[in-house]
Number of protein chains: 2
Amino acid sequence: MRPNKKVTIKDVAKAAGVSTQTVSRVINNRHDVSSATRAHVQKIIDNLEYSPNIIARSLSRGRTNTLGVVGYGLEYYGSFSVLTGIEQRAHELGFSLLLSLLDRIEPDNVDQSINGLLSRQVDGIIWAVHWQVKTFDWLGPKFENLSVPLVFLNKSQRGNDVVVAMNNRLGGRLATEHLLKQGYRRIGIITGPTEWWEAKEREAGWREAMEQTGTNDMDRLKVIGDWWAASGDVGLYTLYARSPKIDAVFACNDQMALGAMQAARRLGLKIPDDLAIVGFDDIPEAAYFYPSLSTIQQDVKAVGALAVEQMCKVIQAHQNGERFNSEISWITPKLIIRQSSIKNNQ
Amino acid sequence: MRPNKKVTIKDVAKAAGVSTQTVSRVINNRHDVSSATRAHVQKIIDNLEYSPNIIARSLSRGRTNTLGVVGYGLEYYGSFSVLTGIEQRAHELGFSLLLSLLDRIEPDNVDQSINGLLSRQVDGIIWAVHWQVKTFDWLGPKFENLSVPLVFLNKSQRGNDVVVAMNNRLGGRLATEHLLKQGYRRIGIITGPTEWWEAKEREAGWREAMEQTGTNDMDRLKVIGDWWAASGDVGLYTLYARSPKIDAVFACNDQMALGAMQAARRLGLKIPDDLAIVGFDDIPEAAYFYPSLSTIQQDVKAVGALAVEQMCKVIQAHQNGERFNSEISWITPKLIIRQSSIKNNQ
DNA sequence: CTGTTAGCGCATTCAA
DNA sequence: TTGAATGCGCTAACAG
């Protein structure tokens with residue numbers, strides 16, 4: 001038998017012959033109850049299978065212990081891992097999750113989403129939306145003067161924003177430096193859409209590594225994809241047509257790397273001998289591509305978990321009227337070396 | 001400026017010189033308000049940027065317009081699509097989503113999850129957990145006498161369960177019949193874990209199709225995987241060792257199909273000439289495997305959306321004290337033919 | 001059409 | 001240590 005909705009604190013009080021506040025004290029584990037009455041009340045609670053109405057508690061306390069999560073693009077790899085990470089840590093810290101998904105990042109949707117969460121009295125909002133630079137103009141102001149704390153995922157810090165981010169730039173650098181170390185020299189890049197923060201950062205990492213080799217004219221080595229395999233396919237053709245001497249490609253995610261591999265095959269290029277490829281994400285399939293794909297692994301779950309932890313601190317500070325001085329928290333990615341980038345014949 | 005938490009219905013009433021009741025009527029779009037006062041009150045609302053406290057409303061109404069979603073295994077393909085489908089339709093129908101993820105399917109976790117949602121007064125629970133047969137013994141009873149309606153995803157109907165499911169059996173049949181039509185005869189299967197409903201159903205579909213060919217001794221053609229690519233790899237070796245005459249494989253998801261392709265390559269088997277492969281799911285990468293993978297496409301989002309619709313009906317019935325007579329709702333999968341299963345040389 | 005009264009279930013004052 | 005009163009913000013039931 002499940003707790004029946006009808007059993008309230010009053011019923012328990014009556015059955016136990018005590019006042020409702022005593023029951024309240026028991027269910028909140030407060031110490032100002034004699035162990036005798038506590039035991040007694042607890043027994044009644046168990047018998048009646050009473051379970052407190054959190055809605056009523058929230059109203060009374062002015063705090064819901066609920067976090068709002070605004071998400072977007074769950075179909076991109078990693079998004080659901082973030083969510084899993086958020087949920088787990090939130091659960092551990094006693095928070096529930098109100099989920100709001102954006103189908104498009106537009107003013108009306110954003111307003112609806114935020115207002116919906118606010119009117120449901122969430123204690124804080126985690127902005128798990130892939131950050132797009134071009135939207136900032138109208139998006140930024142919406143976050144000002146919000147009545148609850150906000151934690152951002154994967155974007156650059158700005159003002160007092162609290163941000164948790166995967167170090168995508170480092171990832172891009174790791175990938176490129178690995179290729180350089182293997183002896184590849186003309187390393188092209190297939191980036192994601194230019195507005196995406198992740199894409200910009202990964203590219204920046206590639207650029208940093210390349211600059212050290214004295215390469216100039218890097219724009220000829222760059223092609224823009226859309227994260228999907230097809231764009232990696234097309235991308236490699238473009239790159240190859242433009243500079244046939246290219247000997248490696250850093251694809252900014254594994255899907256595009258897969259597309260690039262496909263194109264390479266059709267161009268008669270052997271991987272990794274004629275062309276090396278490194279991806280980004282380490283999707284589970286990457287180890288089973290042909291050849292297996294070197295890539296950058298990221299612990300996305302950790303990003304979600306850390307976001308919740310930061311949120312807790314901010315809420316704490318918020319309630320005490322203190323200021324939370326924010327620094328961006330970085331999670332570090334890791335290079336995974338497989339066959340697609342190991343030079344055989346020097 | 002965002003609505004300040006402090007602005008309540010009272011403030012609006014005072015500012016507008018009306019009773020709170022009138023304000024309540026306005027914000028609920030009730031028709032028993034003169035258009036004059038409505039306009040007036042609305043103006044005050046806009047000025048004050050008032051937004052109703054949904055928590056208070058829920059307490060008062062005894063209804064939260066919130067659905068609980070219990071999920072598991074977001075890392076498996078499709079899970080997040082279900083979630084997206086659920087969220088979208090829920091949003092359209094005016095429901096919020098309280099998300100609860102299971103890390104393991106164990107009695108304590110399940111209790112916690114369900115009780116958490118119930119004490120937060122959700123109006124219904126969608127059980128989006130991959131159904132595992134072996135857990136039924138202890139899981140089943142937990143769903144009895146629940147105080148709120150329950151809608152299940154992807155399982156067999158039982159008693160009065162309300163279920164929305166992808167027709168996995170049909171999918172298995174489509175895949176197998178396609179192979180037969182192409183002229184393949186000894187069609188092996190790499191299934192998912194035997195406890196999974198999806199795995200059982202896909203296998204049943206294969207079995208149905210095979211039986212029509214008069215094949216017996218089908219167990220020799222069957223191998224059990226764990227949904228991951230590695231198990232498809234191993235699986236194909238096993239299958240091939242056992243019956244070298246095998247000429248096609250139905251892998252019960254695309255990852256295992258990928259693994260099987262890898263193994264086939266090492267065994268020197270040409271796909272699709274020596275060995276045809278069909279997968280299941282149609283993950284975005286499948287079109288870019290080498291060769292591109294024939295597979296079964298499923299509109300998982302539709303499952304989620306339909307689940308919410310069913311939930312609405314059940315809640316309706318529940319509140320009117322009516323009985324909802326449940327039938328399982330099926331979503332139909334679709335065969336996608338690519339290169340991995342098209343016989344070239346007859 | 002509008003206002004008054006009451007109460008949703010709980011927690012937070014205060015007294016005792 | 002316990003209990004009585006009061007209020008969280010809103011809506012339902014009833015008057016007028």
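Bear in mind that the values in this text are calculations on the coordinates, not laboratory data. Nothing here was measured: the structure is a model prediction, and the numbers come from that model. Counting neighbours? That spans all protein chains shown, and the Cβs are built from the backbone with ideal geometry, glycine included.
Seen from all sides and averaged, what is the projected area of the convex hull of the Cα atoms in the protein assembly as shown, in nm²? Each step should come with its number before you reach the end.
On the way: hull surface 143.1 nm².
It is 35.8 nm².
Could you line up B:130, A:91 from fewest to most neighbouring Cβ atoms inside 10 Å?
Working: B:130 23, A:91 20.
If I rank by nearby Cβ atoms, fewest first, I get A:91, B:130.
Okay, which of region B:6-44 sit inside 15 Å, backbone N to the point 7 Å along the Cα-Cβ direction of residue B:63?
B:28-30, by backbone N distance to the label point.
Which value, in debye to the nearest 20, gives the size of the charge dipole of chain B about its Cα centre, when Lys and Arg are +1 and Asp and Glu are -1 at the Cβ? Write out the running numbers ahead of the final one.
On the way: 40 positive and 37 negative charges, 173 e Å.
Computed charge dipole of chain B: roughly 840 debye.
What net charge is computed for the residues neighbouring residue B:334, neighbours being all others with C-beta under 9 Å from the C-beta of residue B:334, Lys and Arg scored +1, Asp and Glu -1?
Local charge sum for residue B:334: -2.
By average Cβ neighbour count within 10 Å, what is the ranking of B:173-180, A:257-264 from highest down?
Averaged packing, sorted descending, gives the order A:257-264, B:173-180.
Going by amide H atoms built from the backbone, whose H comes under 5 Å of the H on residue A:130, apart from near neighbours?
Those lying under 5 Å, H to H, from residue A:130 are A:72.
Please give the peptides A:312-323, A:55-66, B:278-289, B:118-129 ranked by average Cβ packing (other Cβ atoms within 10 Å per residue), highest first, as a rough proxy for protection.
The peptides rank, most packed first, as B:278-289, B:118-129, A:55-66, A:312-323.
Using only atoms on other chains, find how many Cβ atoms lie within 10 Å of each Cβ of peptide B:89-96 and report the average.
2
Output wanted: per-residue J couplings in Hz (rounded whole) for region A:278-291, from phi through Karplus 6.51 cos²θ - 1.76 cosθ + 1.60, θ = phi - 60°, x for Gly and Pro.
So the J values, rounded to whole Hz, are 10, x, 8, 2, 6, 5, x, 6, 4, 5, 10, 5, 10, x.
Quick check on region B:193-268: take the gyration tensor over C-alpha atoms, sort the square-rooted eigenvalues as a ≥ b ≥ c, and tell me if it's rounded (a/c under 1.5), prolate or oblate.
It comes out oblate by the Cα gyration axes.
Averaged over its residues, how many other protein chain Cβ atoms are within 10 Å of peptide A:144-150's Cβ atoms?
On the way: counts 2, 3, 3, 6, 2, 0, 0.
The shielding value for this peptide is 2.
Skipping prolines and chain starts, which residues have an amide H placed within reach, meaning under 5 Å, of the one on residue B:275, given they are 5 or more residues away or on another chain?
Residues meeting the criterion, in which the H sits 1.01 Å from N, are B:270.
To the nearest 10 degrees, how steep is helix A:300-319 against the longest Cα principal axis of chain A, on a 0 to 90 scale?
40 degrees
Please list 3J(HN,Hα) in residue order for region A:7-20, calculated via the Karplus relation 6.51 cos²θ - 1.76 cosθ + 1.60 where θ = phi - 60°; whole Hz, with x for glycine and proline.
Coupling constants for region A:7-20: 6, 10, 4, 5, 4, 5, 4, 4, 4, 8, x, 10, 8, 4 Hz.
Specify which residue in the list B:117, A:135, B:223 is farthest towards the positive end of the charge dipole of the protein assembly as shown, using unit charges on the beta carbon of Lys, Arg (+1) and Asp, Glu (-1), about the Cα centre.
Among B:117, A:135, B:223, the one farthest towards the positive end of the dipole of the protein assembly as shown is B:117.
Where does each of B:106, B:87, B:309 land when they are ranked from fewest to most other beta-carbon atoms within 10 angstrom?
B:106, B:309, B:87
Ranked by Cβ crowding within 10 angstrom, fewest neighbours first, how are B:190, A:336 ordered?
The most exposed by this proxy come first: A:336, B:190.
Given a Förster distance of 41 Å, report the FRET efficiency between residue B:146 and residue B:11 from their Cβ-Cβ distance, rounded to the nearest 0.05.
Efficiency at R0 = 41 Å is approximately 0.55.
For chain B, find the longest principal axis of its Cα atoms and tell me its angle to the long axis of helix B:229-242, 0 to 90°, nearest 10.
30 degrees
Run the quick spin-label model on residue A:325 and residue A:158: label points 7 Å from Cα toward the beta carbon, then report their separation in nm to one decimal.
2.3 nm
Under the convention of a label 7 Å out along Cα→Cβ, give the distances in nm from residue A:147 to the same position in every other copy, shortest first.
Once sorted, the set of distances for residue A:147 reads 2.8 nm.
To the nearest 0.05, what FRET efficiency results for residue B:211 and residue B:75 with a Förster distance of 25 Å applied to their C-beta separation?
0.15
Label residue B:332 and residue A:194 with points 7 Å out from Cα along Cα→Cβ: what is the distance between them in nm?
Placing both labels 7 Å beyond Cα along the Cβ direction yields 4.6 nm.
So if each residue of separation counts as 0.36 nm, and I subtract the Cα-Cα distance between residue B:19 and residue B:88, what length gain in nm does that give?
Taking 0.36 nm per residue and subtracting the Cα distance, the gain is 21.2 nm.
In debye to the nearest 20, how big a dipole does the protein assembly as shown give about its Cα centre with +1 on each Lys and Arg Cβ and -1 on each Asp and Glu Cβ?
I would put it at about 1060 debye.
Along the charge dipole of chain A, which of A:279, A:163, A:184 sits closest to the positive end, that is, farthest toward it, with unit charges on the beta carbon of Lys, Arg, Asp and Glu (+1, +1, -1, -1)?
Highest projection toward the positive end goes to A:163.
Shape verdict for region A:199-346, please, from the Cα gyration tensor: rounded (a/c under 1.5), prolate (a/b greater than b/c) or oblate.
Prolate, because a/c is 1.5 or more and a/b exceeds b/c.
So how far apart, in nm, are the two label points at residue B:134 and residue B:180 if each is 7 Å from Cα heading toward Cβ?
Label-label distance for residue B:134 and residue B:180, simple model: 3.2 nm.
Applying the Karplus parametrisation 6.51 cos²θ - 1.76 cosθ + 1.60 with θ = phi - 60° to the phi angles of region A:131-148, what ³J(HN,Hα) value in whole Hz is obtained for each residue in order, glycine and proline being reported as x?
Going residue by residue, I get 6, 10, 4, 5, 7, 4, 3, 8, 7, x, x, 5, 8, 6, 6, 6, 7, 10 Hz, with x marking Gly and Pro.
So what is the 222 nm mean residue ellipticity for chain A from helices alone, if each DSSP H run of at least 4 adds -39500 (n - 2.57) and you divide by all residues, rounding to the nearest 500 deg cm²/dmol?
Calculated mean residue ellipticity at 222 nm is -13500 deg cm²/dmol.
Mind checking the dipole of region A:176-276: about its Cα centre, +1 per Lys or Arg Cβ, -1 per Asp or Glu Cβ, Debye to the nearest 20?
The calculated dipole for region A:176-276 is roughly 420 debye.
How would region B:102-210 be classified by its alpha-carbon gyration tensor: rounded, prolate or oblate, with rounded meaning a/c under 1.5 and the a/b versus b/c comparison settling the rest?
prolate
Based on the Cα coordinates of chain B, what is the per residue volume of their convex hull in Å³? It would help to have the intermediate numbers written out before the result.
Values: hull volume 59.7 nm³, N = 346.
It comes to 173 Å³ per residue, whole-number rounded.
Using only the Cα atoms, work out Rg/Rh for region B:9-52, with Rh taken as the Kirkwood radius, to two decimals.
With Rg and the Kirkwood Rh in hand, the quotient comes to 0.90.
Expressed as an acute angle from 0 to 90° and rounded to the nearest 10, what is the orientation of the C-alpha long axis of helix B:254-266 relative to the principal long axis of chain B?
20 degrees
If I take R0 = 41 Å and measure r between the Cβ atoms of residue A:106 and residue B:245 in this structure, what FRET efficiency does the formula 1/(1 + (r/R0)^6) give, to the nearest 0.05?
After rounding to 0.05, the efficiency reads 0.10.
What is the set of long-range amide H partners of residue A:225 at a cut-off below 5 Å, with H atoms built 1.01 Å from backbone N?
A:191, A:192
Given the C-alpha centroids of region B:260-318 and region B:34-68, what is the distance between them in whole angstrom?
45 Å
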